[in-house]
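Okay, structure first, notes after.
The values are calculated or read from the model by the stated rules, or taken from the named source; none is laboratory data. All figures in this text were calculated on a predicted structure; none of them were measured in a lab. Here Cβ is always computed from backbone atoms with ideal geometry, including for glycine, and neighbour counts include all displayed protein chains.
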Amino acid sequence: MNAALRTTTTILAVAVAYYATAKVGLVLALVKGQVTPLWLPTGISVAALLMSGGRIWPGIALGALTANIALGAGPGAIAVITVGNTAAPLVAWYLLRRFGFRPQLDRLKDALLLVFAGALGAMLISALIGALALKADGMIPWHEMPAVFAVWWTGDAMGVLVFTPLLLTLPRHWHAPPRRLAEAAGLLVVTAFLASFVTLSESRLLFLVFPMLIWAALRFQLAIAAPCAAIISVAAVMSAASGHFAQTDLLTTMIVLQAFNGSVALTGLILSAITSERNQARQAIERACEQLAETVARYQQDGVRKRIGRVSPPA
């Protein structure tokens, strides 16, 4: 497959993935059937840009355009929202590259860059443009602007925090003993069960998911912590969309939901990054110790040879 065909295929794949996940996200919308607290396409868009480069931006634009057509807004609002939805991931990608982001997310610096530059910073663009476009099109009144902006911004940011790490660190090949694979599978199953229970329970036991998330981050880093965080966040958003997460008004529900989702994403990201850095430091120390031991052994062998040469009788 030549480069042009590969790029075209990637663009189409990104557009299809954007549209499909947008339809899923709109099912969970909390504002006017248009703004969701967990916008999956932004996470997919940022991950695609980091993996394939800026040349795949038409796929994001095409996916955003087809998804926005279903909103029922006017052509002008659809075009403006599409521009915002395309610009935000591109800005996130540029900022992350500019500041030395590594897709492996194995440093604390990478986790913080994804949080503040890729998610919270860049996603202000799509939220502001989108909220203003809806207002200009007459779809929302002025008094709903803060709620729409807040949900749009945090929804896009959560999409990046939850799904970009998942896609970037998804293992392509598993080389692990069966016992370790069973542990990882058990973590995912128990996390899914706990997330379903605590997000629907009236006992407010949300904290029960954090031990599983911490366990995943310490033992497997983002390879398992990212799927656990995605499972928990999706369960929480589904609960909020059905009215079970918080029995309060929209703004309060959104604040509680996004505070919970943000805590889950940050716990997985930062703890995994710190654990990866610790493991890298330990491996570096072990390699240095091995090199030092080899150097000392060679020095001792050279010393023995020299002593043998001095005491050997002449032929």
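Matching residues to (1) at pLDDT below 80; (2) surrounded by fewer than 18 Cβ atoms within 10 Å (Cβ to Cβ); (3) of a type in the set (A, V, I, L, M):
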residue	(1), (2), (3)
137	yes, no, no
145	no, yes, yes
156	no, no, no
165	no, no, no
171	yes, yes, no
178	no, yes, no
181	no, yes, yes
185	no, yes, yes
189	no, yes, yes
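Looking across the range 238-272, the residues that are among the hydrophobic types (A, V, I, L, M, F, W, C), in a helix (DSSP H, G or I) and under 20 Å from residue 144 (Cβ atoms) come down to 240, 241, 250, 251, 254, 255, 256, 257. Checked against (1) surrounded by 15 or more Cβ atoms within 10 Å (Cβ to Cβ); (2) at pLDDT below 90, residue 244 passes all but a single condition, namely (1).
Restricting attention to the range 166-214, and to residues there that are aromatic (Phe, Trp, Tyr), in a helix (DSSP H, G or I) and out of contact with any Ser or Thr (no Cβ under 9 Å at 6 or more places or on another chain), which single residue is nearest to residue 110 (Cα to Cα)? Once the filter is applied, the top-ranked residue is 207. Considering 82, 8, 42, the condition of being surrounded by fewer than 21 Cβ atoms within 10 Å (Cβ to Cβ) and of a type in the set (S, T, N, Q) is satisfied by 8 alone. Just the residues that are under 23 Å from residue 253 (Cβ atoms) and out of contact with any helix residue (DSSP H, G or I) (no Cβ under 6 Å at 6 or more places or on another chain), please, taken from the range 8-29. Selection gives 23, 24, 26, 27, 29.
Being modelled with pLDDT under 90 and among the small types (Gly, Ala, Ser) is not true of residue 265. Looking only at the range 107-152, residues that are in contact with a strand residue (DSSP E or B) (Cβ under 8 Å, 6 or more places away or on another chain) and among the acidic types (Asp, Glu) come to 1 in all. You will find that of 111, 79, 20, the residue that is under 26 Å from residue 276 (Cα atoms) and of a type in the set (Gly, Ala, Ser) is 111 and no other. Could you please let me know if residue 106 is touching a residue at least 24 places away in the same chain (Cβ under 8 Å), under 25 Å from residue 281 (Cβ atoms) and in contact with a Phe, Trp or Tyr (Cβ under 7 Å, 6 or more places away or on another chain)? In short, no. In the condition set (1) crowded, with 23+ Cβ neighbours inside 10 Å; (2) assigned to a helix (DSSP H, G or I); (3) at pLDDT below 85, residue 88 is compliant with all but (3).
Against the conditions (1) in contact with a Leu (Cβ under 8 Å, 6 or more places away or on another chain); (2) at pLDDT below 90, residue 228 satisfies every one except (2).
Among the criteria (1) surrounded by fewer than 23 Cβ atoms within 10 Å (Cβ to Cβ); (2) under 16 Å from the mean Cα position of the chain (by Cα); (3) part of a helix (DSSP H, G or I), the one residue 106 does not fulfil is (3).
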